[in-house]
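First the structure, in the form of structure tokens, and then the observations on it.
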Amino acid sequence: MKLVSFKGVPVVRGNVDSLPRKVLTFLEHDVELCQPAFIHICDGSDEENRLMLDILIAEGIVQPLPKYENCVLAHTDPRDVARVESKTFISTESQREAIPVPKPGVKGQLGNWMSPEDLDVAIKKRFPGCMKGRTLYLLAYCMGPMGSPLSKFGIQATDSAYVVACMRIMTRMGMQVLDAMGDSDFVRCLHSVGCPLPLKEPLRRDWPCNPDLTLIAHKTATNEVMSFGSGYGGNSLLGKKCFSLRIGSAIARREGWLAEHMLIVGVTNPEGVKRYLVAAFPSQCGKTNLAMLTASLPGYKVECVGDDIAWMRFDEKGQLRAINPENGFFGVCPGTNNKTNPIAMETIQRNTVFTNVAKTSDGGVFWEGLEEDLPKGVSITSWLGEENWQPGSERPAAHPNSRFCVPACQCPTIDPNWEDPAGVPIDAIIFGGRRPVGVPLVYESLNWQHGVFVGATVSSEATTAAEYSGHEVMHDPFSSRPFLSYNAGNYIGHWLEMEKPGCKMPKIFHVNWFRRDSKGKFLWPGFGDNIRVLDWILRRCSDEKEDIAQMSPVGFIPKKGSINMEGLENPVDWNELFDLPKDFWMTEVDNIEKYLTDQINEDLPPEMLKEIQDLRQRFSQY
Ligand SMILES: Nc1nc2c(ncn2[C@@H]2O[C@H](COP(=O)(O)OP(=O)(O)OP(=O)(O)O)[C@@H](O)[C@H]2O)c(=O)[nH]1
Ligand SMILES: O=C([O-])CC(=O)C(=O)O
Ligand SMILES: [Mn+2]
């Protein structure tokens, strides 16, 4: 029998009675806590999606984009435009489980911890009654291909129809998941925009959020996420960073695998040999672009498995395999255009939710980088609603962290094996970041331990993916600093422990597309030309031993001329791209040492101290 109400709350859609027992218990708890006016059990259907978009349009949160097929544009409160690292917490019994204890007098930068008692207080301050007057949407979703032994289930309760529409794109969500779940365990995710009705103060730009009380909390021991006050992507689509990275890496540590902030691609060379690799760059540093690369070298093909997150484990034959837990792309808009990323441009013509981009008078979208594609005679309304926005204005047309949210299956270069339940075999791991000086285009680590050191010492210029301004170079271990959910020292230790007899260890590389010349211009063209570097990397992974690498203090670097530069639009300066300035690197080693010993202190694995010593030693003799 269909229940028409649950705990006295009308069920406007879906059948509460058919929910698995554990899901029902979760729902009961959230309904009692948040006191929604209605309950809606999501089925993931097209019809339901239409309903969500209609609600969002009626509320003024999104507007249709008649120029494209089934696309909408959302504008947020200008205070809710990015992840908020300062309000993101890991809650564990002991602090040291979650974050290292830095040296005395040093401010820790490797995550925020909250005691279970403080979290209880924080929850009681926020969640009771937080959904009054609103609908609680219950979504069942699967991270990873349905039926894969590597996949995991999640349940999210949310009071945001925007979140429902985006989660339907970013995860496998709906009836089929509820059916497949049965009584399996799941990650419990509760999300509220924190604006019960009636409102206490008017919304800005019709976007409900609660910046003063924003809190993104994770209980890793019990696989729980509680997110309050933000509707923005990484804070609200809880399957993404919260589950797949923070909860995911804690599970991965317990179970002996890796959950990483990495893209996954397959690269086929002109001989038809295909190899897969993963790459970890910090937010806004080129993962989506590399994942959708159009090769500028003839005969090469790059196919996309994922653009942001990889779950990886060794199979029984000792081969590392990766799945993409996600079902869509939540990609950066500015800079995306038909030259830099034509594949993304084609992907986002349909069924896309855009957030915080500008709108054109012909019902399309606009952002920095699309100037050349702008039809004649159209006018632009900026993301902040400024009409008749003009190129060159002081404020950008689109927010620098504006995003598209689109189903992965629409990507014309999606890999045929992207949903292989066994995952794809990984031959190389790449780290990288935005390094304006000193760091060469590519180098290869000397062995696994050195490669782990390369990952642990990733640094990059700050971007707008979180609440930073300016371009300071920041440490970002494994490109996952914002997503660490257990002690960074143990994180490094976990990576070291992945090397086991019988496992074929992938080679580890470091790349830098962002080195600049003395005038501030990028030395490397990047984008489609990055295939030239991938080609070198994959030749290094091949069984055919080519004479293309030489030892340097940072690791193996390409022998001069060993990267294919044929057909480059403009010549590049090899010497400048691979220069290793000794004074820069001596300072870099000191910085690394200070950062790791200050921040991770007693939990830093001694292997890292050895790597610091060796790097300094190699440079002092250079
Ligand atoms: N110069 C240069 N810029 C690049 C390159 N690849 C990407 N970018 C720019 O870097 C910005 C971010 O690129 P994305 O590929 O979206 O970065 P991401 O790592 O996927 O970002 P998140 O989604 O935040 O994790 C965009 O503005 C790109 O145009 C490159 O090879 N060279
Ligand atoms: O989490 C987000 O909002 C988007 C993202 O991929 C990142 O910042 O790495
Ligand atoms: Mn990302």
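The values are calculated or read from the model by the stated rules, or taken from the named source; none is laboratory data. Keep in mind that this is a model prediction, so the values were computed, not measured. Ideal geometry is used to build each Cβ from the backbone, glycine not excepted, and the neighbour counts take in all protein chains shown. The protein model used for the area step is the full one, side chains on, heavy atoms only, and it has no ligands, DNA or RNA in it. Shrake-Rupley method; radii C 1.70, N 1.55, O 1.52, S 1.80 Å.
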| Relative contact order for the chain: what is it in percent, counting Cα pairs under 8 Å that are at least 6 residues apart? | 15 percent
| Roughly speaking, what is the centre-to-centre gap between segment 1-58 and segment 275-300 when only Cα atoms are used, to the nearest Å? | 40 Å
| field | About the Cα centre, charge dipole magnitude for the chain (Lys/Arg +1, Asp/Glu -1 at Cβ), debye | value | 520 debye
| request: Give me the net charge of M345's neighbourhood, meaning all other residues with Cβ under 15 Å from the Cβ of M345; Lys, Arg count +1, Asp, Glu -1. | output: -3
| task | Quote the FRET efficiency, to the nearest 0.05, computed for A58 versus R79 with a Förster distance R0 of 22 Å and r equal to the Cβ-Cβ distance. | result | 0.40
| remark: In whole Å, largest first, the alpha carbons of segment 330-410 cover along the principal axes 35, 22, 21
| Spacing of the two label points (7 Å from each Cα toward its C-beta) at R254 and A422, in nm | 2.8 nm
| request: Name the shape class, rounded, prolate or oblate, that the alpha-carbon gyration tensor gives for segment 292-347, where a ≥ b ≥ c are the square roots of its eigenvalues, rounded holds for a/c under 1.5, and otherwise prolate holds if a/b is larger than b/c and oblate otherwise. | output: oblate
| query | How large is the charge dipole for segment 560-611, taken about the Cα centre, if only the Cβ atoms of Lys, Arg (+1) and Asp, Glu (-1) carry charge, to the nearest 20 debye? | reply | 180 debye
| field | Residue-span extension gain [E499 to L374] - 0.36 nm each, minus C-alpha spacing | value | 39.9 nm
| note | Using alpha carbon centers only, segment 159-219 is separated from segment 564-610 by a whole-angstrom value of 40 Å
| said: So if I take the centroid of the Cα atoms in segment 77-118 and the same for segment 386-409, what is the distance between those two points in Å? | reply: 31 Å
| task | Could you compute the FRET efficiency for Q621 and T587, with r as their C-beta to C-beta distance and R0 at 22 Å, rounded to 0.05? | result | 0.85
| Excluding A280 itself, what net charge comes from residues whose Cβ is under 13 Å from its Cβ, given Lys and Arg +1 and Asp and Glu -1? | -2
| task | Give me the lysines in straight-line cross-link reach of K274: C-alpha distance below 23 Å, same-chain residues under 8 apart excluded. | result | K287, K301, K317, K504, K507, K545
| note | Largest-first semi-axes in Å of the equivalent ellipsoid built from the Cα gyration tensor of segment 113-262 are 26, 18, 13
| request: Give me the angle, in degrees from 0 to 90, between the Cα long axis of helix 606-620 and the longest principal axis of the Cα atoms of the chain, rounded to the nearest 10. | output: 40 degrees
| remark: Subtracting the Cα-Cα distance of A180 and K107 from 0.36 nm times their residue separation yields 21.7 nm
| Test item: Cα-centred dipole of segment 11-137, Lys/Arg +1 and Asp/Glu -1 on Cβ, debye | 580 debye
| task | Treating the Cα atoms of the chain as identical point scatterers in vacuum, please give the log10 of the normalised Debye intensity I(q)/I(0) at q = 0.05, 0.12 Å⁻¹, two decimals. | result | -0.21, -1.29
| said: Just to make sure I understand: if all protein chains stay in place, what is the order of D179, D614 by accessible area at 1.4 Å, largest first? | reply: D179, D614
| Using θ = phi - 60° and the Karplus curve 6.51 cos²θ - 1.76 cosθ + 1.60, what whole-Hz ³J(HN,Hα) does each residue of segment 135-140 get, with Gly and Pro shown as x? | 9, 8, 9, 10, 10, 9
| Summed residue charge, Cβ within 11 Å of S45's Cβ, Lys/Arg positive, Asp/Glu negative | -1
